[in-house]
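Remarks on the structure that follows.
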Amino acid sequence: MRRKRDLKMVAAWEAGQSHAEIALAFQLSRENVKDRIERHFRAKQRKASGDPFDKISPRLRTLLLKEGLTTVNEVVGRYRSKALFQMRSFGRKSIQEIEMWFPVERRYQNYAAVPPYITKDGSEIRELMHPAVQGNRNQSLAEATLPAGTRTMLHRHRVTAGAPPLAASAPGATTTGITPASPAVPCRHSRGGRRARAPPPR
C-alpha cells in the first residue's frame, strides 16, 4: 500500500508538482514527502548499479567499511580465507548477502571465450586471469601473440612483484636485452626497453 502511494508521489513530482503540493494532496508533511521521493530514487540508482557495495544492505556496507574493506577484491579475499566469518556481528544473513552480490565463487572460462584485443604494434593480447573474473588478488595473467616475422616492445613495470620472464613458446622466437628478474625483487625495466621478436614464417 505504501509502495503504491510512494509511486504516486514520485509520478506527481515528475509531473512538476512541488513537495508542498504533494504533501497537501496526500496529507503528509513536506519533509516526509521529500524523504520518500529521495529514497525511491536512491533505491532505483542502487538497483541499476553494478557495484556490489550498492546492492547490499546499509548495515552490511557499514560493517565492511568499518573493517577497512572498501573494494570487491578485499571482500572476496576475506570470504575465501574465512576471515569474514570471524567478524563481529557478521551472521548468516550477512553471509547470504555476500554470496548473492559478490563474486565469491571461483570462476573459470574457456580460452576461446576470452576476447582478444590488438595493440598499436599489432600484438594480439588475451587477459587469461583477471580479479573480476577469477577472483585472484593483486595478480593477473595475459598472453601476447605476435604475427610471424614481427617484433614488439615488452611492456614496462616501474615497480612490481617481479617474476622471471616466461620463455618464448614458438620455435625461433627471441628476446633481446632481457635480464631475468628475481621473484623476490621488484623489477625496473630499462629505459631503452626490450624487444621480443617472433620467428619468420616457414
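The values are calculated or read from the model by the stated rules, or taken from the named source; none is laboratory data. What you see is a predicted model; the values in this text were computed from it and never measured. Quick reminder, even Gly has a Cβ in these numbers, built from the backbone with ideal geometry, and neighbours come from all protein chains shown. Note: accessible area is taken over every heavy atom of the protein model, side chains too, but ligands, DNA and RNA are not part of it. Shrake-Rupley method; radii C 1.70, N 1.55, O 1.52, S 1.80 Å.
Some points to look at:
- Order by protection proxy (mean Cβ within 10 Å, highest first), peptides 69-76, 23-30, 113-120: 69-76, 23-30, 113-120
- What the phi angles of region 19-26 give under the Karplus curve with 6.51, -1.76 and 1.60, with θ = phi - 60°, is a coupling list of 4, 5, 5, 5, 4, 5, 5, 9 Hz, glycine and proline written as x.
- In order along region 33-43, phi translates into HN-Hα couplings of 5, 4, 5, 5, 5, 5, 5, 4, 6, 5, 5 Hz, rounded to whole numbers, per the Karplus curve 6.51 cos²θ - 1.76 cosθ + 1.60 with θ = phi - 60° and x for Gly and Pro.
- Annotation: amide H of Met129 within the under-5 Å range of Leu141, sequence separation 5 or more or interchain, hydrogens built in the peptide plane.
- With θ taken as phi - 60° and the Karplus curve 6.51 cos²θ - 1.76 cosθ + 1.60 applied, the whole-hertz 3J(HN,Hα) list for region 59-76 is 4, 5, 4, 4, 4, 5, 5, 5, 8, x, 8, 10, 10, 4, 4, 5, 5, 4 Hz, x standing for glycine and proline.
- Close amide H pairs (under 5 Å, H built 1.01 Å from N) link Thr150 with Ala198, residues at least 5 positions away or on another chain.
- Residue ranking by accessible heavy-atom surface, 1.4 Å probe, largest first, among Met129, Met153, Met9 comes out as Met153, Met129, Met9.
- Residue-normalised accessible area of region 1-130, expressed per residue, 1.4 Å probe, Å²: 71 Å²
- Linear extension gain, Glu21 paired with Lys93, 0.36 nm per residue minus alpha-carbon span: 21.9 nm
- Of the cross-linked pairs Lys8/Lys47; Lys34/Lys55; Lys4/Lys44, those separated by over 18 Å at the C-alpha level are Lys8/Lys47; Lys34/Lys55.
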